[in-house]
1. Could you give the DSSP H helices of the chain that reach 24 angstrom or more along their long axis (alpha carbon positions) and whose average Kyte-Doolittle hydropathy is no lower than 0.5?
2. May I ask you to list the lysines whose Cα is less than 24 Å away from that of residue 193, ignoring any residue fewer than eight positions away on the same chain?
3. Could you state the number of Å between the C-alpha centres of the stretch 165-216 and the stretch 50-99?
4. Given C-alpha coordinates of the stretch 161-205, what is the ratio Rg to Rh with the Kirkwood estimate of Rh?
5. How far apart, in nanometres, would the label points at residue 143 and residue 83 be if each is projected 7 angstrom from Cα along the Cα-to-Cβ direction?
6. Pick from 210, 223, 44: which is most flexible by mean-square fluctuation in a GNM of the chain where alpha carbon atoms under 10 Å apart are linked?
7. Name the residue, out of 109, 37, 209, whose mean-square fluctuation peaks in a Gaussian network model built on the chain with Cα pairs under 10 Å.
8. What three numbers, in Å, describe the spread of the alpha carbons of the stretch 1-106 along their principal axes, ordered from the longest?
Amino acid sequence: MRSYASFKGHPIHPALIPFPFAFLLGALLFDLLGLASDRRGLMLTGRHLSELGLLAGMVTAIPGVLDYLKTVPPASSGRARALRHGTANATALFLFAVGWLFRDATSPSALTIISELLGGAILVYGGWLGGTLVTRNLISVDHRYARAGKWQEVTLSGTAGASVVAARTEDLNEDQMKLLHIDGRRIVLARTKQGFAAFDDGCTHRGGSLAGGVCVGGVVQCLWHGSQFDTATGEVRCGPAKRNIHVYEVREQNGQVLVTLPRDG
């Protein structure tokens, strides 16, 4: 699904990742080459690369945290993977910071090299997890399908049992969806040939975003593992999901589409 931290549809976090990755691993490489050849210039370059890498890592983390909070579906396998990804990268930055703090005036200390080796290994692991988030969980992938239209997402507020104005009738064409954030709930508003439908965003298999899936002919498909659900009834049309998704009452009134929240909150 589309990245929250994006610029004109382009995700920011993946675009920044190469900088701390290259700087920090480059710092390790130049430190090792400098020690092996006893060349102070190479070790000084390693120091500067370490400083640039730490700065770039902190900047890169900002859109990453925003995507974790706003984009990655809650209570999903992707959320757990994203947490491991962020923890690994934060640990790697900490280790490189320790290495930088304990550098000698002209050369890296033994603690610096050990910290950079450990940090580099963890950084690679974190990068592998990040790649899986994109390629398997489709985080920051703004995909398209026939008649999908542009990504629509809005934050609203409402009370239990009340109806919330989710959209105007003309906001969605047939087979288009809109993600609603309503007081902690993630609800998908979809328009089908039969009319409007609203249902929970999380797939009941592994929690993938249905708003980030495909809606065709009154059926929504999660792109993580292919589960399909009836948008009107929430029934499973195709596994691996076993449980239905929750659906909400929807009605049209004076050109507006209203979604009624359950009374249980």
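1. On the way: long enough: 18-37 (27 Å, 1.74); 40-70 (45 Å, 0.66); 77-101 (36 Å, 0.45); 110-135 (38 Å, 1.43).
In the chain, the long hydrophobic H runs are 18-37, 40-70, 110-135.
2. By straight Cα distance, residue 193 reaches 150, 178.
3. Cα centroid of the stretch 50-99 versus Cα centroid of the stretch 165-216: 29 Å apart.
4. Values: Rg = 10.9 Å, Rh = 11.3 Å.
Using only Cα positions, Rg/Rh for the stretch 161-205 is 0.97.
5. 2.6
6. 44
7. In the Gaussian network model the winner is 37.
8. Sorted from largest, the Cα extents of the stretch 1-106 read 50, 27, 18 Å.
Where a number appears in this text, it was derived from the coordinates with a stated rule and is not lab data. Here the structure is a predicted model, which is why all the values come from computation and not from measurement. Neighbour counts are summed over all protein chains in view; Cβ atoms, including those assigned to glycine, are modelled from backbone coordinates with ideal geometry.
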